[in-house]
Amino acid sequence: MFDKNMIFHGKHADYLRKLAPSKIWGSKFEQRKSIFDNNMQVVELASIIGFIYNRKGEIDRDSSIPDNNIFLEQVTKIKDTLELNYRVIMLLADKNKLSRDERLDRAFRYDQDEDKRAPGDKLFYSYLLGGIELLYEQLIEGSTSMEDDYENLCRFVKAYYMDDNRTTSSIDDILKMCNQVGI
Amino acid sequence: MLIKEIELENFKSFKGTHHIDFATDSVKNVTVVMGDNGAGKTTLEQAFVWCLYGEVEGLGDNLLNYDIQNELIYGQVSKVCMKVKLLVEFRGQNHRISRFQDLVYKYNKVGVDGNYFIVDKQDENGSWVRLKHADSLVFIKKLLPQELSGFFFFDGEHLDRMSTELLQKKKSNNFKDAVRGLVGLTALRNTLSHLGPATKKRTVCGNFNSEINSGSDDRIRELSNKIDTFSEAIEKNEKEVENLEIEIERHEGNRADWQQQLSNLQDDVNRKKQYDDLEKKIVDNEKRENALVGSLFKDFAKNFGTEISQPFFKEALEEIKSVSKTEETRPYIPVDTIKFLLNAKECICGCKLEEGSEESKHLMSLMEDLPSDSLRDNIVKFSTSIRARLRNIGEFKNNFEQYIIDKNNYNEEARKASDDRRMLEDTLKDTSQVENLRKKIDGSTARIKDYRARVKNYRNNIARDEMQRKSAQTTRNSLLAACEKNRKNITYYNYANFLYEMLSNTYMKKERDTRRDLEVIINEIFDDIYDGDIQIAVDDEYRITSTLKDVLGGGGNLARNTAQNYAIIFAFIVGIIKLVKINRGNEDGYPLVMDAPLSSFDEKRIKQICQTIPEIAKQIIIFIKDTDGKIAEQHLSGKIGARYDLKPISKTQSIIEQR
């Protein structure tokens, strides 16, 4: 799991470039500094954002946009986060369609088995693409300056905390549960 | 010295012959010549100077009356004479000083055809005896050296120049020598420069010193050459030091002026500084704001995912909690273990696993159901990963809110600074003048520093050469003492040198005393004619510095206004006259011929000057315009012996009328 290059096509490749524009892309000039330093930071966050905001995306096959490739070397650096997000999503998604055992298997038992993992992977990547779309729309679309980015970011974060449906949990409770399941 | 009469003929605006008898009475010693602007007051003052010295600074050669020039040009006359005659009393004897020019028109211009300067002296019998030309020049030098004439015949321009020489630290050796002459130091000084020092070959001491060398053996000659070389080097370096010190003084003077100007512009400077500070504050706040936003972005990218995942971590852990117990009943067996047993065809219990047997089939079906990974291991990994995440997250929400507050504060500060800056922009004048002054001051400071370093260097060289010269002199003296031939010269040299040193000390003491006396007198006079709150000092070069009295530490060199400057010059001139009177008894005194001398003063000062000067100067001749003149006449009423009016009758002609 997460032991290959990650390749983004079409609009998602483009969104990634705009979310982390410090990389040189399609131009000789350095882009302006924005919220994310690199693609990996975007992917780390987008994978869980898509799930939390329930936003799925589909692979865009627009071949006029160059692919955006995150090489294995970079993927390895964020592997732990991606695995964690993967397992959370597998455990909590499709609760009404799958039994607990099935979700547990999907989360923990198929790391080495690509075939069995395929449905889970598809779900994870659809949330990842949805997360990229959401981050792009909320933070970067229409923004031309660092000040715009800042305004968008504040609006996004404040909106998250103002959403009454969000449940909160104390870190201590979670750590206690970690100890209980730590076996 | 008394000026009894002046006669002018065709001199500038005075066409034909004009005559003035001046007041020479010991009590009523003031002559007032009043005239409007352009009536010829300055011309009269210039006539005195031209008669005595043949030139008037800044006036050129063409002094002939304009109408007479036209008569020459149009051939109405072929030759004219321009003349100024003075009748003066000097040491009890009348002298007639005449200077005249014959002028003709040729080669399309008016030119001088003959220049004459004649001094006649009246003897006891009343007969006039003509002095030889050379004696005439000597007489003028005795009467009043030209270098000092500016102090006794002065107008506004002279005051400016004197102000420069006396007060603004510009050196004038002529002036210094002339002052020394007036106060009776020249003879002694000349004696001294005739006698020594021994390092100068053309002096008596120097001559004996060089005589000592002749006839000596090679060693003495060698030492003498060395001494000469050192002496030359010392003299050269001393000259350099002197020149550099003049430059240092000049730069220090300029720098003080510029600093004064800068200080006058201080309000502008302060406003500019305030403006620059505000600009810096705005830039700093922008930088801080940007840094803050950068930190906020980093924090968001790193921690927001974990922050919002917390409820889902909890929910996920709830799911695992209930299931993990089941896992305990179904321990994880890796698929590879089953494959190994099948390949070995024997179970760990020893039962044979033949291919196709029931046992083998059972194991193969079990293997297909086994998961690829250990649930237990991955759950442990999962919970460890959550723990690690939560440990690092910190207070994301609180930090986020603090970022926003801080950013707003910086933004508000920058906005306020920007408003203040805009308000200052309206009051801010062109600061290039300040920058220029600063550049000039910095330039002068750098030069002064450089010159001082060079002076120090030269002085070190002088000290080194002097030490070596002294050492050579000691060696030579001991050699010479043994040499019979030189004994006589050494004796002469010692006598001359002793005399030189003795006179030198006397001279220095006398000069010091003279300067001190001059200083006391000037301060007394200044107190009389101006206010008594300024202390005037005369330095080694006879220059003036003034400080406020009763200020701790002397108050520094005082920035003076024009009236104060002129009052100081008045005090200096009158002080010199008084000192000369004291030194030479009452036989001599000097007149003062002043053109518009009072225009810089208010009525109170005019009154004080009018009361003071006639008491000290032997004779006063004032050319004055009507407004100041009336005030002066009012305060001088008991002293005025003669009154004249100058009246212009055309643009090119004036006449003199006695009142």
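Every read-out reported here was derived from the displayed coordinates using simple, explicitly stated rules and does not represent laboratory data. For clarity, every value in this text was computed on a predicted model and none was experimentally measured. Backbone-built Cβ (ideal geometry, glycine too); neighbour counts: all protein chains shown.
Charges at C-beta only: +1 for Lys and Arg, -1 for Asp and Glu. How large is the resulting dipole of the protein assembly as shown about its Cα centre, in Debye rounded to 20?
Numbers: 129 positive and 138 negative charges, 714 e Å.
Charge dipole, the protein assembly as shown, about its Cα centre: 3420 debye, nearest 20.
Mind pulling the per residue volume of the convex hull built on the Cα atoms of chain B? Å³ is fine.
433 Å³
Taking Cα atoms, how many degrees apart are the long axis of helix B:173-182 and the longest axis of chain B, rounded to 10 and kept between 0 and 90?
Tilt of helix B:173-182: around 40 degrees.
Among B:631-638, B:145-152, B:592-599, B:648-655, how do they line up by average Cβ neighbours within 10 Å per residue, starting with the highest?
Top to bottom by mean Cβ count within 10 Å: B:592-599, B:145-152, B:631-638, B:648-655.
Compute a Gaussian network model of chain A, connecting alpha carbons closer than 10 Å, and tell me which residue from A:ILE89, A:ILE171, A:ILE140 fluctuates the most.
A:ILE171
Would you mind checking the tilt of helix B:484-529 against the longest principal axis of the Cα atoms of chain B, expressed as 0 to 90 degrees and rounded to 10?
Long axis of B:484-529 versus the principal axis of chain B: about 80 degrees.
Which whole-percent values make up P(r) of the stretch B:1-105 when all C-alpha to C-alpha distances are grouped in 5 Å steps starting at zero?
Result returned by the calculation: 2, 11, 21, 22, 18, 13, 7, 3, 2, 0.
In peptide B:291-302, what is the residue-averaged number of other protein chain Cβ atoms found within 10 Å of each Cβ?
Taking all residues of B:291-302 together, the mean is 5.
Per the Kirkwood formula on distinct C-alpha pairs, the Rh of the stretch B:225-271 is how many angstrom?
Kirkwood radius, the stretch B:225-271: 13.5 Å.
Under the rule of -39500 (n - 2.57) per DSSP H run of 4 or more residues, summed and divided by the residues of chain B, what mean residue ellipticity at 222 nm is obtained, to the nearest 500 deg cm²/dmol?
Details: 19 runs with 404 residues, N = 659.
One gets -21500 deg cm²/dmol as the mean residue ellipticity at 222 nm.
Please list B:564-570, B:35-41 highest first by mean number of surrounding beta-carbon atoms within 10 Å per residue.
Values: B:564-570: 23.4, B:35-41: 19.0.
For the peptides B:564-570, B:35-41, the packing ranking is B:564-570, B:35-41.
Using only the alpha-carbon atoms, how far is helix B:396-427 inclined from the longest principal axis of chain B? Give it as 0 to 90 degrees, nearest 10.
20 degrees
Report the far tail of the P(r) of the stretch A:6-181, meaning the percent of Cα-Cα pairs longer than 27 Å.
For the stretch A:6-181, the fraction of Cα-Cα distances above 27 Å is 33 percent.
Relative contact order (percent) for the stretch A:6-181, with alpha-carbon contacts under 8 angstrom and 6 or more residues of separation?
Across the stretch A:6-181, relative contact order equals 29 percent.
Could you rank the peptides B:356-367, B:572-583 by their average count of other C-beta atoms within 10 Å per residue, with the highest value first?
B:572-583, B:356-367
I need the per residue convex hull volume for the protein assembly as shown, using only the alpha carbons, in cubic angstrom as a whole number.
On the way: hull volume 339.7 nm³, N = 842.
Dividing the Cα hull volume of the protein assembly as shown by its residue count gives 403 Å³.
Calculate the mean, over all residues of peptide B:374-380, of how many other protein chain Cβ atoms lie within 10 angstrom of the residue's Cβ.
Mean shielding by partner chains, rounded to a whole number: 5.
Along Cα→Cβ, 7 Å out, is where each label goes; now give me the distance between the ones at B:ARG415 and B:HIS362 in nm to one decimal.
With each label point 7 Å from Cα toward Cβ, the separation is 8.2 nm.
For B:LYS106 and B:GLU5, FRET efficiency with R0 = 35 Å and r from the beta-carbon atoms, rounded to 0.05?
With R0 = 35 Å, the Cβ-Cβ based efficiency is 0.55.
At q = 0.14, 0.25, 0.27 Å⁻¹, what base-10 log of I(q)/I(0) does the Debye formula yield for the stretch B:56-111 when every alpha carbon is treated as an equal point scatterer in vacuo?
Taking Cα atoms of the stretch B:56-111 as identical point scatterers yields -0.50, -0.98, -1.07.
From other protein chains only, count the Cβ atoms within 10 Å of every residue's Cβ in A:84-93, then give the mean. All intermediate terms of the calculation are to be shown ahead of the outcome.
Details: counts 12, 4, 1, 8, 9, 2, 1, 10, 6, 0.
Going residue by residue through A:84-93 and averaging, the value is 5.
Quick check on the exposure proxy: order B:PHE297, B:PHE382 from fewest to most C-beta atoms within 10 angstrom.
Lowest to highest Cβ neighbour count: B:PHE297, B:PHE382.
Normalising by the residue count of chain B, find the relative contact order in percent from Cα pairs under 8 Å and 6+ residues apart.
So the answer I get is 26 percent.
Label B:MET467 and B:ILE405 with points 7 Å out from Cα along Cα→Cβ: what is the distance between them in nm?
7.2 nm
A 28 angstrom limit on the alpha carbon distance is what I want to check against. Which of A:LYS11/B:LYS302; A:LYS158/B:LYS321; B:LYS79/B:LYS618; B:LYS287/B:LYS416; B:LYS272/B:LYS440 exceed it?
A:LYS158/B:LYS321; B:LYS79/B:LYS618
Using a Förster distance of 45 angstrom, determine the FRET efficiency expected from the C-beta separation of B:LYS280 and B:THR191, and round it to 0.05.
According to the calculation, E is roughly 0.10.
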